[in-house]
Ligand SMILES: [Zn+2]
C-alpha cells in the first residue's frame, strides 16, 4: 500500500469518529486546548498503529488509543488527578446498597423523580467533571457513546465487572448529589 | 432473589447487559418490592437526565484539518522506512491492542538500528514539532531535566546545558524509536529546535546527511548512541555535535 493509500484508509476509518475521540479527550482533560493536543497526538499514534488494526469496531480501537494518550498526558501534566481516582475504588461512591433514605411504598408518583428531571445542564456537567477520571470515563462511554460493557472494558483495559461497579458507583453518586441539590433548591424556592 | 442482589444488578439491567434469565428474575422481584422499584426508577430517571443533558463536545472544525495535514507530513517523513522497521508490526503476532502495546513500551537493549533508522529519527523529529509535543519536561536546567528521566528509563542520559555556547537546553521528553523508549533532549539555536536522541548501545557513526529538509548526524561514545536532528544548517549542527561529544562521557 502506498503512503497516500494508507493515509486515505486511515482517514476513512478514523475521521468519522473524530467527535467521539474529542468528546472523550475533552471530558478527560476538561480543557479545550488540551483535548485538541491530545486528539492530534492520538491520531498520529493511531496512524502508526494502523497495520495492527485487526478489524472489529473502529470506534473502540480509536477510543482505546485516545484514552491511553489522555492518561499519559494526565500523568505527565496533572498526576494528582489520576492517582486520586483510585482512592474511590471501594469508598464513598458505594452503590451496592439500597438507598438509606428509603421511604414506605408510595401511593402516588415519587416526587424526587420530578425533581431529578428538572435539568440544570451546568450543574450536571460540573458534577460529572468532578468525578475521578476512571469513573467519569465509564459514564461518558456508556451514556454518551452508548457502548456496551464489553466495549468499555476493552477500551479502559479493565474487567467487565469493574465497568459495572464503576458505572454503578458513579451514577449513584451523581444521583444522590443531584437529588440533594434539587431538593435544596426546591426548598429555597430557587 | 433478594433486595441486595437486585441492587447489585440494577445497573446492568438498566443498560440491557444482563442474560435473559436474570432479567426475568429482576422483573419478578421489582413487581413485588416497592423499595427496589423506587431505587430502579430513580436511577433510570438519573440516567436519562445524563443522556439528555451531559454535554457532548464535538470536535472543533480546525481539528480535522490539522489532523489531515499532520498525517500527510508524517506519511511523507515515514515513507521509505515502513517495510523495514515496521515489517514485524504488520505480521501482528505480538499485537494485542494499541493500548497494551503502548503501555509495554520500555527501554530494551539494543537500541533501534537497521536501514530505516535515519527515516525514523527524522519522523520522530517531525512528529515532535507537529504534535506540539517537543518536551515532557521543559527546563533549561540540566539538574531538572536529568533526574526527570530516572524512574522512567533504566539509563541516565548525559544532560548538558549549552546556553553559553549558543545552544540553550529547552527540555526533554520520552520518545519512541522502533517501539523502544529513548531519551530525546531538546536544544535550540537561533530559534531552530534540535532533537538529540540518546539510547544505550554502540552503532557505527553516520556522517551528516540531509533528508526532507532536515539534517541528521549520528555517533556513539561511552556506550551510548547519539543522534541530532534539526533543520539547522550543516555547519551549526556539526558544531553542536562537537559540543555534545566534548561534554558527554
Ligand atoms: Zn427489593
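The values are calculated or read from the model by the stated rules, or taken from the named source; none is laboratory data. Computed from a predicted model, the values in this text were never measured in an experiment. All Cβ positions, even for glycine, are placed from backbone atoms using ideal geometry, and neighbour counts span all protein chains on display.
Would segment B:78-97 turn up any residue that is closer than 24 Å to residue A:16 by Cβ, surrounded by 13 or more Cβ atoms within 10 Å (Cβ to Cβ) and either within 16 Å of the ligand (Cβ to nearest atom) or modelled with pLDDT of 50 or more (or both)? Yes, that holds for at least one residue.
So is residue B:26 over 20 Å from residue A:45 (Cβ atoms), more than 7 Å from chain A (Cβ to nearest Cβ), in contact with a helix residue (DSSP H, G or I) (Cβ under 6 Å, 6 or more places away or on another chain) and in a helix (DSSP H, G or I) or not?
Numbers: over 20 Å from residue A:45 (Cβ atoms): yes; more than 7 Å from chain A (Cβ to nearest Cβ): yes; in contact with a helix residue (DSSP H, G or I) (Cβ under 6 Å, 6 or more places away or on another chain): yes; in a helix (DSSP H, G or I): yes.
Against the criterion (over 20 Å from residue A:45 (Cβ atoms), more than 7 Å from chain A (Cβ to nearest Cβ), in contact with a helix residue (DSSP H, G or I) (Cβ under 6 Å, 6 or more places away or on another chain) and in a helix (DSSP H, G or I)), residue B:26 qualifies.
Taken over segment B:143-175, the residue count meeting the criterion of being at pLDDT 85 or above, touching a strand residue (DSSP E or B) at 6+ places or on another chain (Cβ under 8 Å) and more than 30 Å from residue B:72 (Cα to Cα) is 10. Close Cβ contacts (under 8 Å, 6 or more residues apart or on different chains) running from residues in segment B:33-54 that are more than 12 Å from residue B:14 (Cβ to Cβ) and within 7 Å of another protein chain (Cβ to nearest Cβ) to residues that are outside any helix (DSSP H, G or I) and within 9 Å of the ligand (Cβ to nearest atom) comprise B:35/A:98.
Give the residue, chosen from B:34, B:8, that is closer than 29 Å to residue A:180 by Cα, modelled with pLDDT under 90 and within 16 Å of the ligand (Cβ to nearest atom). Let's see the steps before the verdict.
On the way: B:34 fails: modelled with pLDDT under 90.
Just one listed residue meets the conditions, B:8.
Only one residue in A:108, A:56, A:91 is at pLDDT below 85 and under 26 Å from residue A:21 (Cα atoms). Which one?
A:56
In segment B:38-48, the condition of being more than 26 Å from residue A:122 (Cα to Cα) and either within 16 Å of the ligand (Cβ to nearest atom) or surrounded by fewer than 19 Cβ atoms within 10 Å (Cβ to Cβ) (or both) is met by at least one residue.
Let's see how each residue does on (1) surrounded by fewer than 21 Cβ atoms within 10 Å (Cβ to Cβ); (2) assigned to a strand (DSSP E or B):
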{"position": "B:181", "(1), (2)": "yes, yes"}
{"position": "B:185", "(1), (2)": "no, yes"}
{"position": "B:194", "(1), (2)": "no, yes"}
{"position": "B:204", "(1), (2)": "yes, no"}
{"position": "B:210", "(1), (2)": "yes, yes"}
{"position": "B:218", "(1), (2)": "no, yes"}
{"position": "B:229", "(1), (2)": "no, yes"}
{"position": "B:235", "(1), (2)": "yes, no"}
{"position": "B:240", "(1), (2)": "no, no"}
